[in-house]
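**Q** Take this structure, written in structure tokens, and hold onto it; I'll ask about it next.
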Amino acid sequence: MPKQIKLASTVIRHHPQFSRLVTIPLDVVAPWKLENTTVIEGTINGVDLGRRSLKRWDDRNCWWIDLPDRLCKKANIDTEDVVDLCIQLTSEELPVELESLLDKYDVASARWKAMTEAQRRMLREEIYAAKSTEARVRRAAKHLL
């Protein structure tokens, strides 16, 4: 399985009210054997993407990554631009603050186990997005205690 995938893709906007996005052909990510939305990281034209969700688009037979306006401005890209992507799967390790909460409180652990895989992924990413340890602890506690 390739650790990184490099490709060129065209920035599109599926609908004027939605953010821009790039698509990735199914065969390009096939070696990763993905079945569901997966968190990736990487670069677009050399600019850090951060942690982004790679989602399946069945109607178009591809995967896609959203590109919020602030990322497009930072990377100086717009709709119809061809961009260079370099992506890799992120670690699925839990944030330290979340792991600590799950170890310390049975109720948190039970609520975590009751979540779907998608709910766990979304909560993990919400916690990772916080800039400080205190904020990560607050976010974990808000959802699990």
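The values are calculated or read from the model by the stated rules, or taken from the named source; none is laboratory data. In this text the structure is predicted, and so the values were computed from the model without any measurement. Cβ sites come from the backbone with ideal geometry, for glycine too, and all protein chains shown count toward neighbours.
**Q** When residue 119 is evaluated against the numbered criteria (1) in contact (Cβ under 8 Å) with a residue 12 or more places away in the chain; (2) surrounded by 12 or more Cβ atoms within 10 Å (Cβ to Cβ); (3) within 26 Å of residue 49 (Cβ to Cβ), which criterion, by number, is the only one it fails?
**A** Just one mismatch for residue 119, condition (1).
**Q** When you look at residue 17, is it touching a Gly at 6+ places or on another chain (Cβ under 8 Å) and on the phi < 0 side of the Ramachandran plot, yes or no?
**A** no
**Q** Return the residues of segment 1-26 that are among the hydroxyl-bearing types (Ser, Thr, Tyr) and either modelled with pLDDT of 95 or more or part of a strand (DSSP E or B) (or both); say none if nothing qualifies.
**A** Within segment 1-26, 9, 10, 23 meet the criteria.
**Q** Same structure, new question: I'd like to verify a number: residues in segment 27-37 that are surrounded by fewer than 18 Cβ atoms within 10 Å (Cβ to Cβ) and either of a type in the set (Val, Ile, Thr) or in a strand (DSSP E or B) (or both), how many?
**A** Qualifying residue count, segment 27-37: 1.
**Q** Give me the residue from segment 75-99 that is surrounded by fewer than 15 Cβ atoms within 10 Å (Cβ to Cβ) and charged (D, E, K, R) and, out of that set, modelled with the lowest pLDDT.
**A** Per the criteria, the residue is 92.
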